[in-house]
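The values are calculated or read from the model by the stated rules, or taken from the named source; none is laboratory data. This is a predicted model, so every value here is computed, not measured. Neighbour counts are summed over all protein chains in view; Cβ atoms, including those assigned to glycine, are modelled from backbone coordinates with ideal geometry. Accessible surface areas use protein heavy atoms only, side chains included; no ligands, DNA or RNA. Shrake-Rupley method; radii C 1.70, N 1.55, O 1.52, S 1.80 Å.
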Amino acid sequence: MIRTLSTPPAMSSGCLSDAPQPVLPAGDGLLLRPWERADTAAFLSVYQDEETRRWHTHRPSTEAQVAEWFAAYRQDWEREKGCHFAVARDDGAVLGRMALRGLDFDDGVANAAYWVLPAARGAGVATRALAALSAWALDDIGFYRLELDHSTRNAASCRVATKAGYRLEGTKRNAAVHDDGRHDMHLHARVRGDR
């Protein structure tokens, strides 16, 4: 079915795929860059961490699966379906992941997602990386609204979202399934012009 909009799309196609995926500075020696084959072990290791597994039910279990995920990430960029970045130090060491998913160019909306390796927690890595990703998406690419959600039981993720300028907008009741059952989810958003 072809859908006709009564308004022009908020963003034009090609605003991502017409250029290579960029490397984004995130301050204090951090950068966001495309995933590389050399990142496989670090990527796989985070999904062995109990705290990560508590909040992320989609998880690879082999290096071959990680390779498939990285290939899908490249395709997401090319098809303008998502933006997936490794959060790394300038020496190349991976500290975490930042992503924009569910890209809606008609309304100019995307969903942010993230995790950091256990050794990087509590040092502001996730907050700086999320702030950098958000500034790029809103100011450079042209999104109008970025959303993220997390379990109401995940206080650390709530702090990251708030510190990165994402206002808490409400609670989505019984909205997600985790390994221990259904969870209510906080909905946060940052819109163009928020600081």
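Listed values, structure above:
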{"read-out": "Low-density loop cleavage sites - trypsin sites (Lys or Arg not before Pro) in the range 108-150, where at most 10 other Cβ are within 10 Å (DSSP)", "value": "none"}
{"read-out": "Tensor-based shape of the chain (alpha-carbon gyration tensor, a/c under 1.5 rounded, otherwise prolate or oblate)", "value": "rounded"}
{"read-out": "From phi via Karplus (6.51, -1.76, 1.60), per-residue ³J(HN,Hα) for the range 88-105 in Hz, x at Gly/Pro", "value": "9, 6, 5, 8, x, 5, 6, 10, x, 9, 10, 8, 10, 10, x, 5, 10, 6"}
{"read-out": "FRET E, pair ARG79, ARG173, Förster distance 25 Å, beta-carbon r, rounded to 0.05", "value": "0.15"}
{"read-out": "Amide H contacts of ALA175 (H built 1.01 Å from N, under 5 Å, at least 5 apart or other chain)", "value": "HIS183, ASP184, MET185"}
{"read-out": "Taking only Cα atoms of the range 41-129, radius of gyration then Dmax in Å", "value": "13.5, 39"}
{"read-out": "At R0 = 35 Å, FRET efficiency that the Cβ-Cβ distance of ARG53 and ALA19 yields, to 0.05", "value": "0.50"}
{"read-out": "Full-extension gain in nm, LYS163 to TYR144, via 0.36 nm per residue minus C-alpha separation", "value": "4.9 nm"}
{"read-out": "Among CYS15, CYS158, CYS83, residue whose mean-square fluctuation peaks in a GNM of the chain (springs only between Cα atoms under 10 Å)", "value": "CYS15"}
{"read-out": "Value at 222 nm in deg cm²/dmol, rounded to 500, when DSSP H runs of n ≥ 4 in the chain each add -39,500 (n - 2.57)", "value": "-7500 deg cm²/dmol"}
{"read-out": "10 Å Cβ shell holding at most 16 others, DSSP loop, GluC sites (Glu not before Pro): longest site-free stretch of the chain", "value": "81-195"}
{"read-out": "Per residue accessible area in Å² of the range 84-195, where ligands, DNA and RNA are left out and the probe is 1.4 Å", "value": "45 Å²"}
{"read-out": "Portion, in percent, of the accessible area of the chain that falls on carbon or sulfur, probe 1.4 Å", "value": "49 percent"}
